[in-house]
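K.L.:
Next up is a structure, given as structure tokens.
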Amino acid sequence: MILSKVINLIFPQACVNCKNIIDYNKSLCNTCENAIDFLNDNYCITCGLILKNNAKVCSKCLLNPPYITQLESIFAYNQHSKNIILNFKFLDNLYHIKTYAKWMYAKGHHLFPEVDIIVPIPLHTKKLLYRKYNQAAVLANSISKLCKLPVELFALKRIHYTTPLYNLSIKMREQTIKKSFKINNINAIQGKNILLIDDVITTGITIQTCAKVLINSGAKEVKALTLSRTLCK
């Protein structure tokens, strides 16, 4: 108890979401922990549609299966959790990367035995130079250390620079993204079971496009693991 108080005094720990001071052995304050929607099993594992029954896949995905066969995410992206993503993605806040990787490792533990390689969603070179790091690649490397699976950082390449997509309609996003990726190392992905890694999914168009490119180039199966996602209602 005394040691804990001393550590808290010398090395104060901040909540990964709101930055309030918390105990050194925690990641979230009680308020954020209660407010953030940590995802359970009541949504479609491929598109994120909230389900009202115990089904794993919605009727739309059953009729038209997406290229990703399974997708797991830690929490819903909304007003209660967005600071985690924004701080990590745009404000150089990598201090909590081990925490995020542990969350994703725990959530995706059942995926790893069926995976050959981990592939992060790539950034365009122009955006990478501006941000200084690819948040998906940072997550992929940290998760790789926990699950002992190899990472192919350059298996995919983003060949077209796109403006921020969050203000675009779904149709415009599809048109913008559909030709933005290509295989950069075909030998690394052919015949492989691949786990795509990203920080957040909004419409799912980007990650599904990457999966399509991988499958059409010879990948055997594509699953995905993300830190956060929006949920379709």
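K.L.:
Would you tally the residues in the stretch 185-204 being closer than 30 Å to Asn87 by Cβ and in contact (Cβ under 8 Å) with a residue 40 or more places away in the chain?
P.N.:
Selection size over the stretch 185-204: 10.
K.L.:
Go through (1) at pLDDT 90 or above; (2) more than 24 Å from Lys89 (Cα to Cα) and name the single condition Lys171 misses.
P.N.:
(1)
K.L.:
Please work out if Val222 is surrounded by fewer than 22 Cβ atoms within 10 Å (Cβ to Cβ) and at pLDDT 95 or above.
P.N.:
No: the conditions fail for Val222.
K.L.:
Turning to a different aspect of this structure: Among residues belonging to the stretch 10-35 that are hydrophobic (A, V, I, L, M, F, W, C) and assigned to a loop (DSSP other than H, G, I, E, B), point out the one that is surrounded by the fewest Cβ atoms within 10 Å (Cβ to Cβ).
P.N.:
Phe11
K.L.:
(1) part of a helix (DSSP H, G or I); (2) touching a Leu at 6+ places or on another chain (Cβ under 9 Å); (3) closer than 20 Å to Leu71 by Cα; (4) not acidic (Asp, Glu): which one isn't true of Thr209, the others all being true?
P.N.:
(2)
K.L.:
May I ask you to verify whether Ile97 is in contact with a strand residue (DSSP E or B) (Cβ under 7 Å, 6 or more places away or on another chain), within 18 Å of Leu225 (Cβ to Cβ), hydrophobic (A, V, I, L, M, F, W, C) and at pLDDT 90 or above?
P.N.:
No: the conditions fail for Ile97.
K.L.:
Let me ask another. Just one of (1) under 27 Å from Pro12 (Cβ atoms); (2) not in a strand (DSSP E or B) trips up Ala55, so point out which.
P.N.:
(1)
K.L.:
Still on this structure, please answer the following. How many residues are free of Cβ contacts under 8 Å to residues at least 24 places away in the same chain, over 21 Å from Trp103 (Cα atoms) and not charged (D, E, K, R) when one looks only at the stretch 50-86?
P.N.:
Number satisfying all stated conditions: 12.
K.L.:
Going through the stretch 88-101 one residue at a time, which ones are more than 15 Å from Leu128 (Cα to Cα) and in contact (Cβ under 8 Å) with a residue 40 or more places away in the chain?
P.N.:
Hits for the stretch 88-101 are Leu94, His96, Ile97, Lys98, Thr99, Tyr100, Ala101.
K.L.:
Given the conditions (1) in contact with a Lys or Arg (Cβ under 9 Å, 6 or more places away or on another chain); (2) not assigned by TED's automatic domain parsing to the domain that holds Val138, and given that Cys61 satisfies all but one, which numbered condition is not satisfied?
P.N.:
It fails just one condition, (1).
K.L.:
Just give me the residues in the stretch 55-106 being hydrophobic (A, V, I, L, M, F, W, C) and over 25 Å from Cys147 (Cα atoms), in sequence order. Before you say what the answer is, go through the steps one by one.
P.N.:
Step one: of the stretch 55-106, the residues hydrophobic (A, V, I, L, M, F, W, C) are 55, 57-58, 61-63, 68, 71, 74-76, 84-86, 88, 90-91, 94, 97, 101, 103-104, 106.
Once the filter is applied, which keeps residues that are hydrophobic (A, V, I, L, M, F, W, C) and over 25 Å from Cys147 (Cα atoms), the stretch 55-106 yields Ala55, Val57, Cys58, Cys61, Leu62, Leu63, Leu86, Phe90, Leu91.
K.L.:
Do the conditions hold for Asn78, that is, is it crowded, with 18+ Cβ neighbours inside 10 Å, polar (S, T, N, Q) and at pLDDT 85 or above?
P.N.:
Answer is no for this residue.
K.L.:
So which residues in the stretch 36-52 are outside any loop (DSSP other than H, G, I, E, B) and of a type in the set (A, V, I, L, M)?
P.N.:
Result: Leu49, Ile50.
K.L.:
Take the stretch 71-84 and flag every residue that is in contact with a Leu (Cβ under 7 Å, 6 or more places away or on another chain) and not aromatic (Phe, Trp, Tyr).
P.N.:
Glu72, Ser73, Ile74, Ala76
K.L.:
From Tyr67, Tyr95, Tyr43, which residue is under 18 Å from the mean Cα position of the chain (by Cα) and closer than 21 Å to Lys26 by Cβ?
P.N.:
None of the other options fit; the residue is Tyr95.
The values are calculated or read from the model by the stated rules, or taken from the named source; none is laboratory data. Since this is a predicted model, take the numbers as computed values, not measurements. Heads up, the Cβs are rebuilt from the backbone with ideal geometry, glycines too, and the neighbour counts pull from every protein chain shown.
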